[in-house]
Structure formats: structure tokens, C-alpha cells
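Quick notes on the structure that follows.
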Amino acid sequence: MSAKTKDKSAGEDSEIKINIEKAGAGSENAADDSKSKDTKEKVKAKKDSKKKDKYKEELKAQKEKYMRLLAEYDNYRKRSSREIHDILCTANENLVKEILPIFDNLDLATEHREKTTTLEEYVKGIALIEDQLRDILLRAGLKHIEAVGQPFDPNLHEAILQMESEDHDSGIVINETQKGYLFSEKVIRHSKVIVSK
């Protein structure tokens with residue numbers, strides 16, 4: 001072999017060595033790239049897992065807060081209902097206590113009627129009891145609806161009849177057949193009235 005052939009063959013060998021080294025380095029770089037991708041994915045997965053855990057904790061805290069608020073509202077509703085019931089019972093109790101003396105007076109009037117009292121005294125006694133009851137109901141908030149001589153108002157009156165009247169204009173209440181009442185400014189019974197045509 002000649003020297004040129006040896007140099008050429010030595011050059012080819014060194015070229016092959018360089019290509020092999022490059023290929024080895026390339027595969028090492030690919031392995032390093034693969035490792036760094038795996039590491040990045042693991043870091044990202046860890047961050048995502050931490051975020052999920054954080055959100056789960058926040059959701060759990062919100063649910064607990066919601067449940068506490070719901071329980072507080074339910075307790076408030078029950079307490080308010082009990083308080084309203086107690087107020088109504090107390091108000092009714094007070095009214096009944098005020099009416100009891102009227103029952104006592106009616107009992108006395110009945111006893112006296114069976115004994116020797118005149119009709120005039122009996123009627124006078126019943127009128128006193130009626131006044132006593134009216135005073136109690138007025139203090140409780142009951143008011144009589146003034147109807148006769150007033151313009152007909154369907155919010156206060158219930159017309160049961162219309163009549164011709166020379167003394168009144170059309171639409172005026174000329175007679176009341178049953179009294180109407182307001183309780184705390186609310187109509188609890190309409191006046192039954194006769195209205196002029």
C-alpha cells in the first residue's frame with residue numbers, strides 16, 4: 001500500500017470515529033432531552049397536583065361555610081317563628097284576661113234576671129256590660145266603620161241593596177244593616193249597607 005492509500009484510509013477512520021462520536025453525543029443529548037422533558041412533566045404534574053389540592057381545600061372550606069350559614073338561617077327562622085307565636089299568644093292572653101270580667105258581669109246579670117229585678121234595671125245592666133266590652137275592644141285596636149251618610153266605598157262597605165232616595169245623592173250610604181269594623185286600620189268586616197240610587 002502506498003502512503004496515499006494509508007493516509008486516505010486513516011482519514012476515513014478518523015471520519016468514522018468523529019461520526020460515531022457525534023452519533024454517541026447525539027444519543028446522549030437525546031437522552032438528556034428526554035430526561036429534561038420527563039423532569040419538566042413531573043414538576044408540572046406536581047404543581048398541578050398542588051393546585052388541585054389547594055382548590056379542594058378552598059372548596060371544602062366554602063362548603064363548610066355554606067353549611068354553617070344554612071344552619072344559622074334555619075335556627076333564625078325557627079327562633080323568629082317561636083317569637084312571633086309567643087307574641088301572639090301573649091297578646092291573646094291579655095285580651096282574654098280583659099274580657100273575663102265581662103263574662104263575670106254577664107253571669108251576674110243572668111242571676112239577677114232570674115231573681116226579682118225589673119226589665120229596666122236588667123237592660124241598663126246589659127248596656128253597661130256592652131260599654132265595658134266596647135271599651136276593651138277599642139283599646140285593643142278595634143274601630144267601627146262610619147257608614148251612614150258617607151259615599152259608598154267598596155273597600156269599606158258591602159252594598160246589599162240600592163234604593164231611591166230624595167234626601168240623598170246617588171252613591172251615598174243611607175242605612176247600615178250590619179256594622180263593619182277595622183282592626184289596626186285593616187278591614188276585618190265590611191259594613192253591610194243600603195246605598196241610594
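Per-structure values
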{"read-out": "Any hit, the range 114-124, residues being surrounded by 14 or more Cβ atoms within 10 Å (Cβ to Cβ) and either under 22 Å from ALA91 (Cα atoms) or assigned by TED's automatic domain parsing to the domain that holds THR90 (or both)", "value": "yes"}
{"read-out": "Test result for GLU121, acidic (Asp, Glu) and within 44 Å of the chain's Cα centre (by Cα)", "value": "no"}
{"read-out": "Unique residue being farther than 30 Å from ASN92 by Cα, touching a Leu at 6+ places or on another chain (Cβ under 7 Å), of a type outside the set (S, T, N, Q) and surrounded by 12 or more Cβ atoms within 10 Å (Cβ to Cβ) when the list is ILE172, ILE160, ILE194", "value": "ILE194"}
{"read-out": "Flag if LEU70 is among the aliphatic types (A, V, I, L, M), exposed (fewer than 10 other Cβ atoms within 10 Å of the Cβ) and either out of contact with any Leu (no Cβ under 9 Å at 6 or more places or on another chain) or modelled with pLDDT under 85 (or both)", "value": "no"}
{"read-out": "Residue in the range 150-159 that is among the charged types (D, E, K, R) and outside the structural domain of ILE102 (by TED's automatic domain parsing) present", "value": "yes"}
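The values are calculated or read from the model by the stated rules, or taken from the named source; none is laboratory data. Note that the structure is predicted; figures quoted are calculated from it, not measured. Note that we place each Cβ from the backbone using ideal geometry, even for glycine, and neighbour counts take in every protein chain shown.
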